[in-house]
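Below you'll find the structure, written out as structure tokens, and then a few comments.
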Amino acid sequence: MTSKTPASFSRRGLLRAFAATTVVAAPTYANAFGLIRGAGNIRRVRMFSGRSGETMDAIYWIDGKYVPEVLDQVKVFMRDWRVDQTHDMAPQTIDIIAASHALLDTTEPFQLLSGYRTPQTNAMLRRHSKGVAAHSLHMDGEAADLRLRSRTVHQIYEAAWSCQAGGVGKYIHSDFVHMDCGPVRTWHG
């Protein structure tokens, strides 16, 4: 849910959540791949945006299916805040974010620094930083830049990398980790 207040669920979502009988146990790095590929009946994403003041704490996957209404909320939450423009976000990226968060064993939500970026925003950022890719997956709704106050960049990077489900960039000096659902690869910025 995207709000400044605690998350609420639709009636249908609550019924599905109560019908679910198994919740994913705290995973380890060794079974991160299983978490991404469908282990468990419920998946949850927790984030906040310092730019908009919004929070998201929502179950987006129940019993093997994405919840379309929640994916729509993710799209709004992860919008390009500079121009208030939305784009569908790849569910696989949300899976990587949720699995990494579970592996880090914290209730603190990820701080979202960047989700979707318009080509214009990406070009502007590229002019100001050599670390912004010309064909960034942010422009396709397939990437996110995240941080946690309670975990180091290295810890977040290791959790995301253990998923082996996409690209993971470690930006120590800027204090964030990039996660995407593109080819499996790693880099340091």
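The values are calculated or read from the model by the stated rules, or taken from the named source; none is laboratory data. Because the structure is predicted, anything quoted here is derived from the model rather than measured. Methodologically, a virtual Cβ is constructed for each residue, glycine included, from the backbone with ideal geometry; neighbour enumeration extends over all protein chains shown. Side chains included, ligands, DNA and RNA excluded: accessible areas come from the protein's heavy atoms. Shrake-Rupley method; radii C 1.70, N 1.55, O 1.52, S 1.80 Å.
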- For region 99-108, state whether one or more residues are modelled with pLDDT of 95 or more, under 18 Å from ARG79 (Cα atoms) and surrounded by 23 or more Cβ atoms within 10 Å (Cβ to Cβ). no
- Conditions (1) buried (at least 18 other Cβ atoms within 10 Å of the Cβ); (2) touching a strand residue (DSSP E or B) at 6+ places or on another chain (Cβ under 9 Å); number of the one not met by ILE172: (1)
- Message: Condition (residue is without any contact (Cβ under 8 Å) to a residue 60 or more places away in the chain and within 20 Å of SER162 (Cα to Cα)) applied to region 80-90: is it met by at least one residue?
- Response: no
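Among what's in region 125-138 and is among the hydrophobic types (A, V, I, L, M, F, W, C) and free of Cβ contacts under 8 Å to residues at least 24 places away in the same chain, pick the residue that is least open to solvent (accessible area, probe 1.4 Å).
From region 125-138, those among the hydrophobic types (A, V, I, L, M, F, W, C) are 125, 132-134, 137; that's our starting set.
After this cut, where a residue has to be free of Cβ contacts under 8 Å to residues at least 24 places away in the same chain as well, the list is 125, 132-134.
Working: LEU125: 36, VAL132: 19, ALA133: 54, ALA134: 47 Å².
Residue satisfying both the conditions and the ranking: VAL132.
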- Subset tally (residues that are more than 17 Å from HIS138 (Cα to Cα) and more than 13 Å from the chain's Cα centre (by Cα)) for region 73-102: 0
